[in-house]
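Read the structure below first, then the notes.
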Amino acid sequence: MPTINSKLPATGTSIFTVMSALASQHGAINLGQGFPDFHMDAELAERAAKAIVDGHNQYVPMAGYLPLRESIAHKISSLYSTAVAASDEITITPGGTYAIYTAFTAILEPGDEVIVMEPAYDSYVPNIIANGGRPVCIPLIFPDYRVDWDAVRSSITPKTKAIIVNSPHNPTGSVLSHEDLLTLENMLRDTNIFLISDEVYEHLVFDGKKHNSVLNYPELFNRSFVCFSFGKVYNCTGWKLGYCVAPKALTAEFRKIHQFNAFCCFTPTQIALAEHLRNPEPYLRLGGFMQQKRDVFLNAMKGSGFDMLSSSGSYFVCGTYSRISNKPAMELAVELTETIGVATIPVSAFYVDGHDDRVLRFCFAKKEETLLEAARRLQSIG
């Protein structure tokens, strides 16, 4: 039997798969993996079903169904006052994670360095390594997970090919400010460094704050691949549909990879979304809807042994547990799943070296009764 010289020798099964399997084994409430436990928008589901019945079941163009790309371009113009061309600056992809991987594949050569801010969504580092690059990991400043821009600046070398940013941030719920984006813009000016911006939670921003998209900063956008997810907007994560927005020249290279990988994405959902996206109300009200769920969970956790940290966006809120236990986060996450039936994600899993501030991540994109029951069980260990 031939053997594989692994491109990811240090990589095992993802923490999401591990904890979700453990949750299933013990019948636990799953506040670990980021997916809703409630139904998606019925109108959008009906549109997808109708597209299938109406015969929209064959390939669409490699870049995606053009009316959908046109709807995205209109949305971007409306939200960010930025004109992007539907024809050659938007590509529909099978999910936001795929878009990020394809962007890395388009730009990285062996030995290139990519600056990553940790804790980081767990696909980034394997994506970089699989494409021959070297991740340069910069810790965010605990406990509010701010970017240490001085550390980022000092980590730039002649080998730096790209920086990846994520806002709203997974796993911590922090968001980049206008000042953050201006600092990044100034830092990258007169360099050949690419920017990959993971903005899959763009509409999940709370407490009156604003999502500062790279699309709103022309100097940044001119060097960027900006990645989005429909699953996070319309509560249909299993659809695995997203898109990448990039300047024409970058999109051309992105599509060279895309055409020989997925080629194109599931047609009926693209047909459905092209029409559904024309109504801004569902995505404009999403932040308030999810903020209410966050607040239900935080209120229910008052008086527990957890000290809940700030979350200004995303599906997630983190909590420290030093008043409960001094166990490593992974050990406690497993214990909670097995003993009280609540699955979480240890934030240490989002660091390459397993750095552990004794923090667990909770997903609050759940029904209210799910959140209240999970909090009741978590209260029992305070």
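The values are calculated or read from the model by the stated rules, or taken from the named source; none is laboratory data. These figures come from a predicted structure and were not determined experimentally. We place every Cβ from the backbone using ideal geometry, glycine too, and count neighbours over all the protein chains shown.
Among ILE52, ILE15, ILE72, which is of a type in the set (A, V, I, L, M), within 30 Å of PRO218 (Cβ to Cβ) and touching a residue at least 24 places away in the same chain (Cβ under 8 Å)? Give the derivation first.
Values: ILE52 fails: within 30 Å of PRO218 (Cβ to Cβ); ILE15 fails: within 30 Å of PRO218 (Cβ to Cβ).
Among ILE52, ILE15, ILE72, only ILE72 is of a type in the set (A, V, I, L, M), within 30 Å of PRO218 (Cβ to Cβ) and touching a residue at least 24 places away in the same chain (Cβ under 8 Å).
Given the structure, is SER322 surrounded by fewer than 22 Cβ atoms within 10 Å (Cβ to Cβ), over 14 Å from LEU31 (Cβ atoms), hydroxyl-bearing (Ser, Thr, Tyr) and not assigned by TED's automatic domain parsing to the domain that holds TYR145? Outline the logic, then answer.
Values: surrounded by fewer than 22 Cβ atoms within 10 Å (Cβ to Cβ): yes; over 14 Å from LEU31 (Cβ atoms): yes; hydroxyl-bearing (Ser, Thr, Tyr): yes; not assigned by TED's automatic domain parsing to the domain that holds TYR145: yes.
It is true that SER322 is surrounded by fewer than 22 Cβ atoms within 10 Å (Cβ to Cβ), over 14 Å from LEU31 (Cβ atoms), hydroxyl-bearing (Ser, Thr, Tyr) and not assigned by TED's automatic domain parsing to the domain that holds TYR145.
Those residues that are of a type outside the set (S, T, N, Q) and under 16 Å from SER224 (Cβ atoms), I need them from the stretch 168-189; list them, please.
Answer for the stretch 168-189, where residues must be of a type outside the set (S, T, N, Q) and under 16 Å from SER224 (Cβ atoms): LEU176, ASP180, LEU181, LEU182, LEU184, GLU185, MET187, LEU188, ARG189.
Could you tell me whether the stretch 355-365 includes any residue that is surrounded by fewer than 17 Cβ atoms within 10 Å (Cβ to Cβ) and among the aliphatic types (A, V, I, L, M)?
Among the residues of the stretch 355-365, not one is surrounded by fewer than 17 Cβ atoms within 10 Å (Cβ to Cβ) and among the aliphatic types (A, V, I, L, M), which makes the answer no.
Which of the residues spanning the stretch 349-381 are free of Cβ contacts under 8 Å to residues at least 40 places away in the same chain and under 22 Å from LYS232 (Cα atoms)?
Correct list: GLU369 only.
Here is a check on your reading of the model: is GLU109 touching a His at 6+ places or on another chain (Cβ under 9 Å) and surrounded by fewer than 23 Cβ atoms within 10 Å (Cβ to Cβ)?
Considered against the rule, which asks whether it is touching a His at 6+ places or on another chain (Cβ under 9 Å) and surrounded by fewer than 23 Cβ atoms within 10 Å (Cβ to Cβ), GLU109 comes out as no.
Could you check THR269 against (1) assigned by TED's automatic domain parsing to the domain that holds THR93; (2) within 30 Å of ALA23 (Cβ to Cβ); (3) assigned to a loop (DSSP other than H, G, I, E, B) and say which number it fails?
(3)
Pull up the stretch 333-352, narrow it to residues that are touching a strand residue (DSSP E or B) at 6+ places or on another chain (Cβ under 8 Å) and assigned to a loop (DSSP other than H, G, I, E, B), then point me to the one that is nearest to ASP144 (Cα to Cα).
Going through the qualifying residues, I end up with TYR351.
For SER81, which of the numbered conditions (1) under 20 Å from PRO280 (Cβ atoms); (2) under 20 Å from the mean Cα position of the chain (by Cα) fails to hold?
Answer for SER81: the failing condition is (2).
For residues that are in a loop (DSSP other than H, G, I, E, B), among the hydroxyl-bearing types (Ser, Thr, Tyr) and within 20 Å of the chain's Cα centre (by Cα), scanning just the stretch 1-59, find the one that is nearest to CYS236 (Cα to Cα).
This residue is SER14.
Filter the strands (runs of 3 or more DSSP E) completely within the stretch 114-224 down to those with at least 3 residues that are of a type in the set (A, V, I, L, M) and surrounded by 17 or more Cβ atoms within 10 Å (Cβ to Cβ).
It comes to 160-166.
Is it the case that some residue within the stretch 211-225 is under 23 Å from ALA85 (Cβ atoms) and in contact with a Cys (Cβ under 7 Å, 6 or more places away or on another chain)?
Here is the first cut: in the stretch 211-225, the ones under 23 Å from ALA85 (Cβ atoms) are 211-225.
Remaining after also requiring in contact with a Cys (Cβ under 7 Å, 6 or more places away or on another chain): 225.
Checking the stretch 211-225: at least one residue is under 23 Å from ALA85 (Cβ atoms) and in contact with a Cys (Cβ under 7 Å, 6 or more places away or on another chain).
Restricting the search to the stretch 53-74, which residues are farther than 20 Å from LYS256 by Cα and either surrounded by fewer than 16 Cβ atoms within 10 Å (Cβ to Cβ) or modelled with pLDDT under 95 (or both)?
Initially, the stretch 53-74 is screened for residues farther than 20 Å from LYS256 by Cα, giving 53-58, 67-68, 70-74.
Listed by number, the residues that qualify are VAL53, ASP54, GLY55, ASN57, GLN58, HIS74.
Suppose we keep only residues that are among the polar types (S, T, N, Q) and in contact (Cβ under 8 Å) with a residue 40 or more places away in the chain within the stretch 18-48. Which one would you say is surrounded by the most Cβ atoms within 10 Å (Cβ to Cβ)?
ASN30
Kindly provide the set of residues from the stretch 225-266 that are farther than 17 Å from GLY34 by Cβ and assigned to a helix (DSSP H, G or I), ordered by number.
LYS248, ALA249, LEU250, THR251, ALA252, GLU253, PHE254, ARG255, LYS256, ILE257, HIS258
Residues that are surrounded by fewer than 19 Cβ atoms within 10 Å (Cβ to Cβ), hydrophobic (A, V, I, L, M, F, W, C), outside any helix (DSSP H, G or I) and out of contact with any Lys or Arg (no Cβ under 6 Å at 6 or more places or on another chain): does the stretch 77-99 have at least one?
There is at least one residue in the stretch 77-99 that is surrounded by fewer than 19 Cβ atoms within 10 Å (Cβ to Cβ), hydrophobic (A, V, I, L, M, F, W, C), outside any helix (DSSP H, G or I) and out of contact with any Lys or Arg (no Cβ under 6 Å at 6 or more places or on another chain).
Quick one: what pairs do we get from the stretch 291-317, first residue free of Cβ contacts under 8 Å to residues at least 60 places away in the same chain, second β-branched (Val, Ile, Thr) and assigned to a helix (DSSP H, G or I), C-beta under 8 Å, 6+ apart or different chains?
none
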